Amino acid sequence: MERELSQLFLKNLDFNGAFVTITKIDVLEDLSEARIKISILPQEKIPEVFRTLSGRRRELQFKLLRKINIKPMPSLVFELEKAAA
């Protein structure tokens, strides 16, 4: 799932100079939700990246479903990876 979603990011999204990395994906056991942890550089771009991701979430879910064929397709929830202290 991580590899396919990363490819979708590269092919379908423009983050306007931000470097976005998927660091971890946690899928709930019942497949209702997938929590995607992302890292964003520079930090000033965080709000813009989240606007882009939230606006294209359904499209990403649909394309991901066609790639990996999971039924039911988990709802994608994007979260900022907390920096290690």
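Taken together, the values in this text are just the output of simple stated rules run on the coordinates, not laboratory data. Everything numeric here is computed off the predicted structure, so don't read it as measured data. For neighbour counting, all protein chains shown are included, and Cβ atoms are generated from backbone atoms with ideal geometry for every residue, glycine included.
Could you pull out every one of the lysines with an alpha carbon less than 24 Å from that of Lys45, ignoring same-chain neighbours closer than 8 positions? Once the sequence-local lysines are set aside, what remains near Lys45 is Lys11, Lys24, Lys37, Lys82. Two numbers describe the Cα atoms of segment 2-80: Rg and Dmax, which are 12.1, 36 Å. Only helical runs count toward this figure. For the chain, summing -39,500 (n - 2.57) over DSSP H runs of n ≥ 4 and dividing by all residues gives -12000 deg cm²/dmol at 222 nm.
With 0.36 nm allotted per residue and the present C-alpha distance subtracted, the Glu29-Glu48 stretch has 3.8 nm of extension available.
Note down the magnitude of the dipole of segment 1-58 about its Cα centre, charges +1 on Lys and Arg C-beta and -1 on Asp and Glu C-beta and zero elsewhere, to the nearest 20 debye.
Dipole size: approximately 200 debye.
Across segment 15-21, computed HN-Hα scalar couplings (Karplus, 6.51 cos²θ - 1.76 cosθ + 1.60, θ = phi - 60°) run 9, 6, x, 7, 9, 10, 10 Hz from first to last residue, x flagging Gly and Pro. Can you give the angle from 0 to 90° between the axis of helix 46-55 and the longest principal axis of the chain, with both taken from C-alpha atoms, to the nearest 10? It works out to around 30 degrees.
Here's the list of lysines a cross-link from Lys71 could span, going by alpha-carbon distance under 17 Å and ignoring same-chain residues fewer than 8 apart: Lys63. Taking Cα atoms, how many degrees apart are the long axis of helix 2-12 and the longest axis of the chain, rounded to 10 and kept between 0 and 90? For helix 2-12, the angle is close to 60 degrees.
Sparsely packed loop sites in segment 3-85 (the GluC sites (Glu not before Pro) outside DSSP H, G, I, E and B with at most 11 other Cβ atoms within 10 Å) comprise Glu29. Which angle from 0 to 90°, rounded to the nearest 10, does the C-alpha axis of helix 57-68 make with the longest principal axis of the chain? Long axis of 57-68 versus the principal axis of the chain: about 50 degrees. Counting only residues 5 or more places away or on other chains, whose amide H sits under 5 Å from the amide H of Ser75 once H atoms are built in the peptide plane? Distant-sequence amide H within range of Ser75: Glu33, Ala34.
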